[in-house]
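The values are calculated or read from the model by the stated rules, or taken from the named source; none is laboratory data. The structure displayed is predicted, hence computed values, not measured ones. FYI the Cβ positions are ideal-geometry reconstructions off the backbone, even for glycines, and counts take in every protein chain you see.
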Amino acid sequence: MNVCHKCIEDSELGNIIESNNEKGYCDYCKKNNTFIMDIEIIAEKIINAIEYEFDDPVNGLAWDGGWIEGNREVIDNHDMLADYVGIGGSKAFKDILYLLPDNDWYPNEFYGLTDLEVMLYSWDRFKQEVKYKNRYFFSFDKLEEHDEIKKPFIFLKEICNIFEDNDFICTIPVGTTIYRGRWSNKNIKYYTEQDLGKPPKESAIYPNRFSPTGIPMFYGSDKSETCYEETNTSKPGIFSLGEWTTNREIKIIDLTNHLRFSLKEQKHIIDNYPSIYDVNNRNKIQTYNFLVSFANDLIKPVNKDGMEHIEYVPTQIIVEYIKDIYDFEDKIEGFAYYSAKNGLKNYVFFSDDNPFILQKVTHTQYT
């Protein structure tokens, strides 16, 4: 029996059928001269995709009147097709179900952690370690040999590897416009690079998301309205907006490169999410899932109640590691991320010099 690309619910499987470039009669929708593939070949590809992440529980679980599960659930064929491999609504569902092996499925790590779980638990451990235990000498902490969770210093290296290996490093060209604003509730208008640029270190008396007290950085946005949203105090005053341009190229890590941000849901979404049927890119699935969780964490609102001194520590350490420790091919001097205020792009730059030229200043009075 043949199935066409439109009767298979998963888009990647549909693309595989199309790329096979065979046209004929579909036994499910009864259309002729459409892209088709033998249902048994489709079933083989589905089994291959399942076996990439799952195994027969007989190969790793104990049995005592039923499977003795670890921290996950055994999945039967019906639920596997409906919920995990993307063909729950396919017209060929029943025939594919019949062609699957006569066994249940269980994540192939059995009692261990998946790569995604390792990174998520390592990130959680890193945050707890540097916020509440060891802030300056955390790289010397000890773990049991069998512990799969990465030590904080190893985690830092791993996340930089992820940035480097998945095209998150970008170049900001010369002449790029960056906006940076400053509010005054005392009706003061700011005009100069000194007033609107990165503050001097003696004025950096409050911590920010990526910069600790005493280490100033240049925060900006690619849109003027983002500056307003990020700095708005909801009090009457004057908003001074500086329009800057870069005077040289700047290498940054850009978390907006492969991720989108849903302002309504306040969470990140992966662009071009790899399909489990894409044998060349499915190894990135767990990495991308981790990056979504990491990016969501990165922009969570933090109350300015004194606890920001603690809550900002993990991201401050990551920036310092990126800036001074990890051996990137080119020096990294900034970070781009989504604003939780309006879903547009924010920047933080930690260049040693000043790679910006102030081109124009505008002032807006708010009452």
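Which pairs have Cβ atoms under 8 Å, sit 6 or more apart or on different chains, and link a residue in region 336-351 that is more than 16 Å from Ile172 (Cβ to Cβ) to one that is of a type in the set (Val, Ile, Thr)?
Final answer for the pair search is Tyr338/Thr256; Tyr338/Ile299; Ser339/Thr226; Ser339/Ile299; Ala340/Ile299; Lys341/Thr226; Asn342/Thr226.
For region 95-116, how many residues meet the condition of being among the acidic types (Asp, Glu), touching a residue at least 12 places away in the same chain (Cβ under 8 Å) and within 20 Å of Arg282 (Cβ to Cβ)?
Here the count works out to 1.
Please go through region 268-278 and pick out each residue that is exposed (fewer than 14 other Cβ atoms within 10 Å of the Cβ) and modelled with pLDDT of 90 or more. Spell out how you get there, then give the answer.
Step one: list which residues in region 268-278 are exposed (fewer than 14 other Cβ atoms within 10 Å of the Cβ), which gives 269, 271-272.
Matches in region 268-278: Ile269 only.
Would you pick out the residues in region 254-288 that are among the charged types (D, E, K, R) and under 20 Å from Phe335 (Cβ atoms)?
Step one: of region 254-288, the residues among the charged types (D, E, K, R) are 254, 260, 264-265, 267, 271, 278, 282, 284.
Hits for region 254-288 are Asp254, Arg260, Lys267, Asp271.
So, in region 80-94, exactly how many residues are touching a strand residue (DSSP E or B) at 6+ places or on another chain (Cβ under 9 Å) and without any contact (Cβ under 8 Å) to a residue 12 or more places away in the chain?
Residues flagged as touching a strand residue (DSSP E or B) at 6+ places or on another chain (Cβ under 9 Å) and without any contact (Cβ under 8 Å) to a residue 12 or more places away in the chain within region 80-94 amount to 1.
I need a count of the residues in region 247-257 that are buried (at least 18 other Cβ atoms within 10 Å of the Cβ) and either touching a Ser or Thr at 6+ places or on another chain (Cβ under 6 Å) or farther than 20 Å from Glu193 by Cβ (or both). Steps first, please.
Residues of region 247-257 buried (at least 18 other Cβ atoms within 10 Å of the Cβ): 250, 252-256.
Among the residues that remain, those that are also either touching a Ser or Thr at 6+ places or on another chain (Cβ under 6 Å) or farther than 20 Å from Glu193 by Cβ (or both) are: 252-256.
Residues that pass the stated criteria total 5.
Take the residues of region 66-75 that are over 22 Å from Gly88 (Cβ atoms) and not small (Gly, Ala, Ser): which is surrounded by the fewest Cβ atoms within 10 Å (Cβ to Cβ)? Before the answer, list the steps.
First, pick out the residues of region 66-75 that are over 22 Å from Gly88 (Cβ atoms): 66-71.
When the remaining residues are screened for being not small (Gly, Ala, Ser), the result is 67-69, 71.
On the way: Trp67: 16, Ile68: 11, Glu69: 14, Asn71: 8.
This residue is Asn71.
State all residues of region 25-43 that are within 14 Å of Ala92 (Cα to Cα) and without any contact (Cβ under 8 Å) to a residue 12 or more places away in the chain; if no residue qualifies, say none.
Hits for region 25-43 are Lys30, Ile41.
Of everything in region 56-75, what is part of a loop (DSSP other than H, G, I, E, B) and hydrophobic (A, V, I, L, M, F, W, C)? Give them in sequence order. Explain how you work it out, then say what you get.
Step one: of region 56-75, the residues part of a loop (DSSP other than H, G, I, E, B) are 56, 60-61, 64-66, 69-74.
Across region 56-75, the qualifying residues are Leu61, Val74.
So is Asn77 polar (S, T, N, Q) and touching a helix residue (DSSP H, G or I) at 6+ places or on another chain (Cβ under 9 Å) or not? Give the derivation first.
Working: polar (S, T, N, Q): yes; touching a helix residue (DSSP H, G or I) at 6+ places or on another chain (Cβ under 9 Å): yes.
Yes; evaluated as a whole, the condition is true for this residue.
Identify, please: which residue in region 26-65 is surrounded by fewer than 14 Cβ atoms within 10 Å (Cβ to Cβ) and polar (S, T, N, Q) and is, among those, nearest to Asn77 (Cα to Cα)?
Ranking the qualifying residues of region 26-65, first place goes to Asn48.
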